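Colleague: Dropping a structure here in structure tokens format, bear with me for questions.
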Amino acid sequence: MRSQLAAGLNVTFVSDHDSTKNHKAINELSEKRGVPFIPSMEISPSWGHFNPFPLKLGAQLSVDPGVDDIHQILDDARRMGAVAVASNHPYIPYGYLSSLEQNTAPGGFNPGIDLIEINSEVDYKKAIEKAREFWNPGLPYYSN
């Protein structure tokens, strides 16, 4: 983080798997440099990965991603302060959209996802088309 700030990074964003442990230290470094910090985490059940942001400093995950469903996970993300929740790498074999297609996402579909990541590891066009499919019935998904 220090080398990125020294290189002129103008915002810091951290997203550790299921943890906010490093947020305090990164926030302090960011404040010293006068750079905004966006705290996040990657909530990572075996059937999808999600980035809620920004989180309140000191927020901690209270759900168990190994057990809880999409509804509980999104509720917890909002409780932690998230304004937006992204579905990360949605079409890798254990991505949320892949899991929905395979009926392996506990709780099924939840329209509380705000963003869909475009991932070059798989056909990114599929993620774009899925976002467009959601837009047609009025769901405000955006690919990032």
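The values are calculated or read from the model by the stated rules, or taken from the named source; none is laboratory data. Given the structure is predicted, the values throughout are model-derived calculations rather than measurements. Methodologically, a virtual Cβ is constructed for each residue, glycine included, from the backbone with ideal geometry; neighbour enumeration extends over all protein chains shown.
Colleague: Just one of (1) closer than 20 Å to Leu115 by Cβ; (2) outside any loop (DSSP other than H, G, I, E, B) trips up Glu28, so point out which.
Modeller: (1)
Colleague: Under the condition of being farther than 20 Å from Ser62 by Cα and in contact with a strand residue (DSSP E or B) (Cβ under 7 Å, 6 or more places away or on another chain), which residue from the range 98-121 is modelled with the lowest pLDDT? Break it down stepwise before answering.
Modeller: So in the range 98-121, the residues farther than 20 Å from Ser62 by Cα come out as 98-104, 108-109, 111, 114-121.
Still in the list and also in contact with a strand residue (DSSP E or B) (Cβ under 7 Å, 6 or more places away or on another chain): 114-118.
Details: Asp114: 91, Leu115: 90, Ile116: 90, Glu117: 90, Ile118: 84.
Restricting to residues being farther than 20 Å from Ser62 by Cα and in contact with a strand residue (DSSP E or B) (Cβ under 7 Å, 6 or more places away or on another chain), the top hit is Ile118.
Colleague: State whether one or more residues within the range 97-104 are among the small types (Gly, Ala, Ser), without any contact (Cβ under 8 Å) to a residue 12 or more places away in the chain and surrounded by fewer than 16 Cβ atoms within 10 Å (Cβ to Cβ).
Modeller: No - not one qualifying residue is present in the range 97-104.
Colleague: The conditions are (1) touching a helix residue (DSSP H, G or I) at 6+ places or on another chain (Cβ under 7 Å); (2) surrounded by 13 or more Cβ atoms within 10 Å (Cβ to Cβ); (3) over 28 Å from Gln102 (Cβ atoms), and Leu9 fails exactly one of them. Which is it?
Modeller: (1)
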